[in-house]
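Engineer: Following this message is one structure expressed as structure tokens.
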Amino acid sequence: MRSAESTGSTTEARATDASGTEASDTGPHSDWWRNAVIYQVYPRSFADGNGDGTGDLAGVRRRLPYLAALGVDALWFTPWYRSPQADGGYDVADYREIDPAFGTLADAEHLIAEARGLGIRTIVDIVPNHVSDAHEWFREALAAPPGDPARARFWFHDGKGPGGDLIPTDWVSSFGGDTWTRTTGPDGEPGQWYLHLFAPQQPDLNWSHPDVAAEHEAVLRFWYDRGVAGVRIDSASMLAKDPALPDLGQDHEPGLHPHLDRDEVHDVYRRWRKIADSYEEPRLLVGEVWLEDNDRFVRYLREDEMHMAFNFDFMSRPWDAAALADSIRATFAAHAAVAAPPTWVLSNHDVTRPVTRYGREDSSFAFLAKRFGTPTDLDLGARRARAAALLTAALPGVLYVYQGDELGLPEVEDLPEGTRQDPMHFRTNGVDPGRDGCRVPLPWNANGPTFGFNENGAATWLPQPAGWGDRAAASQESDPDSFLHLYREAIRLRRNEPSLRGDAFAWSETAPDVLAFRRGEDVTCVVNFGDAPAALPAHTEVLLASSPLQGDLLPTDTAVWLRA
Ligand code: GLC
């Protein structure tokens with residue numbers, strides 16, 4: 001038996017606003033985000049308004065009522081800027097323009113305003129570590145000779161060895177392969193190399209150059225001035241590099257790794273926080289910070305830095321009571337040192353869909369472990385993904401939902417040959433299936449060539465599986481037992497139940513394969529990870545269950561919210 005314990009309040013008591021009065025949900029300075037539900041839109045695959053097979057802003061505008069009915073507080077859009085799409089838009093050519101495939105700046109402004117009219121705020125993605133090789137700065141840099149100031153905004157360097165033929169450092173790309181590409185001079189001779197921690201089409205910026213900092217600050221203001229409520233910061237711990245460009249070597253003192261989580265990166269976010277706080281409704285900073293060390297992670301969440309960061313530790317854990325309880329405890333413990341709320345994330349556009357992942361023998365997530373042909377039980381995965389949805393929605397803090405998870409979409413693992421696009425797949429020579437399988441266009445209707453993704457039936461940029469009509473939003477609408485109803489009801493209760501709105505959390509004593517905790521005055525969440533049904537604790541009402549209960553027993557892989 002695990003012993004009962006209480007973490008007490010996980011975050012500071014609900015914050016007061018800038019004027020010192022109690023924050024309300026409607027006041028201009030409210031901390032609306034502290035227990036928000038934030039829905040991630042991957043615009044290319046959400047809905048296609050202009051019928052070219054690629055999702056766009058017109059498609060999102062048309063589906064805003066769906067998002068309002070789901071009950072989300074904000075939308076986070078993965079990059080919608082002009083981009084050659086070498087990495088799904090994370091190769092930005094111009095931050096002040098919308099990619100023509102998605103629409104126009106005016107469309108974005110309309111979308112932001114319309115969503116806000118429905119009570120939904122907008123968060124945009126900022127990609128500060130790198131730009132596209134089509135960005136004006138990089139084209140200038142490539143055209144300039146070695147040593148030219150135009151090159152100083154990036155990391156251009158001579159190669160090692162005779163003739164400079166060897167890469168300048170041994171750093172390894174998150175996408176697989178080297179992190180340097182050699183340029184060719186105007187004379188056709190091989191020239192300097194440039195650094196890219198991701199694909200060659202994503203040259204890394206030099207954050208010690210004043211233009212780089214100034215430009216990003218201007219970009220933040222550009223979007224804040226258009227009414228966006230905040231930014232999600234891509235690869236946030238990778239911006240600063242050791243200017244001496246050392247090889248990786250062995251161990252590094254915290255903060256001194258050549259290109260990850262260096263201490264000076266925090267200065268960037270302190271400056272960004274000042275800008276965010278200068279708005280009448282302070283804007284939000286959300287970090288994509290992948291770090292194993294929780295103490296290093298929460299340094300990004302100090303009072304004068306980001307408001308929150310994605311909880312990848314929780315997201316990566318297997319479907320296992322002890323592993324998840326351990327992550328929840330570690331999350332609370334780490335966040336207790338800062339005022340930021342914890343976040344709960346089951347997936348995003350980079351990782352295997354929960355329905356698939358939880359249907360596997362190894363249900364943890366690791367980029368390097370993704371392989372084709374992993375045996376998967378999708379019914380089991382779906383059952384667990386439903387339970388995971390209730391578990392995460394019951395925890396205090398911010399809930400993230402990736403588009404399509406509310407429909408229980410599985411990873412599409414059998415994309416036809418030649419349709420994959422993700423550089424992660426190609427840069428590992430096809431060993432890694434890549435991330436396309438979680439980016440397939442959403443099914444909206446039961447029928448039609450694209451299941452309502454668009455009206456004219458134009459082929460979608462990634463093909464949808466034949467059976468997706470059953471999983472379409474419209475099909476689930478008429479089924480009260482569907483994923484969509486479960487998500488909607490969970491979000492509705494999370495908003496309306498006073499016990500679920502606060503921060504109070506206390507573990508309850510349970511059998512080892514069961515997790516149970518009390519929220520506030522009178523709501524208990526119980527999750528059964530074991531093989532046998534578990535007895536339910538005393539309760540007066542069942543608020544919501546992820547699968548049907550068996551009398552007073554909680555079946556395996558099921559979560560329930562009870563009125564205590
Ligand atoms: C982040 C994004 C991912 C992208 C990478 C490089 O991890 O989530 O999609 O490929 O950064 O920008």
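Please treat every number below as a calculation from the coordinates, not as lab data. Just so you know, these numbers come straight off a predicted model, no measurement behind them. Backbone-built Cβ (ideal geometry, glycine too); neighbour counts: all protein chains shown.
Engineer: In nm, give the distance between the simple-model label positions of residue 304 and residue 150, each being 7 Å from the Cα along the Cα-to-Cβ direction.
Structural biologist: 3.8
Engineer: Could you go through the range 36-50 in sequence order and give the Karplus-derived ³J(HN,Hα) for each residue, using 6.51 cos²θ - 1.76 cosθ + 1.60 with θ = phi - 60°, rounded to whole Hz, and x for Gly and Pro?
Structural biologist: Taking θ as phi minus 60°, the curve returns 6, 9, 10, 9, 8, 9, 9, x, 4, 10, 8, 7, 9, x, 9 Hz for the range 36-50.
Engineer: Counting only DSSP beta bridges with both residues in the range 179-324, tell me the antiparallel percent, nearest 5.
Structural biologist: If I count the DSSP bridges inside the range 179-324, around 40 percent turn out antiparallel.
Engineer: So who's got an amide H within less than 5 Å of the one on residue 544, skipping anything under 5 residues away but keeping other chains? H placed 1.01 Å off N, in plane.
Structural biologist: Correct list: 561.
Engineer: Check which residues have an amide H placed less than 5 Å from residue 482's amide H, if you skip close sequence neighbours.
Structural biologist: Here the answer is none, since no amide H 5 or more places off falls under 5 Å of that of residue 482.
Engineer: Show that you can apply the helix-only estimate: for the chain, add -39,500 (n - 2.57) for every DSSP H stretch of four or more residues, divide by all residues, and state [θ] at 222 nm to the nearest 500.
Structural biologist: -7000 deg cm²/dmol, from helical runs alone.
Engineer: Can you give me the Cα centroid spacing of the range 81-157 and the range 500-535 in angstrom?
Structural biologist: The two parts, judged by their Cα centres, are 44 Å apart.
Engineer: Here's another thing I want to ask about it. Between residue 550 and residue 52, what is the label-point separation in nm under the 7 Å Cα-to-beta-carbon projection?
Structural biologist: In this crude spin-label approximation the distance works out to 5.4 nm.
Engineer: Ranked by Cβ crowding within 10 angstrom, fewest neighbours first, how are 274, 160, 370, 241 ordered?
Structural biologist: Sorted ascending by nearby Cβ count, the order is 274, 160, 370, 241.
Engineer: Report the label-to-label distance for residue 336 and residue 184 in nanometres (one decimal), using points 7 Å from each Cα along the Cα→Cβ vector.
Structural biologist: Placing both labels 7 Å beyond Cα along the Cβ direction yields 6.0 nm.
Engineer: Sticking with this one: Counting other beta carbons within 10 Å of each residue's own, what order do 268, 127 fall into, fewest first?
Structural biologist: 268, 127
Engineer: Give me 364, 347, 316, 278 sorted ascending by neighbouring Cβ count inside 10 Å, so fewest comes first.
Structural biologist: 278, 364, 316, 347
Engineer: What is the spread of the Cα atoms of the chain along each of their three principal axes, largest first, in whole Å?
Structural biologist: The Cα atoms of the chain stretch 79, 53, 45 Å along their principal axes.
Engineer: Would you pull out the residues with amide H under 5 Å of residue 510's amide H, same chain only if 5 or more places away, H placed 1.01 Å from N?
Structural biologist: Long-range HN contacts for residue 510: 2.
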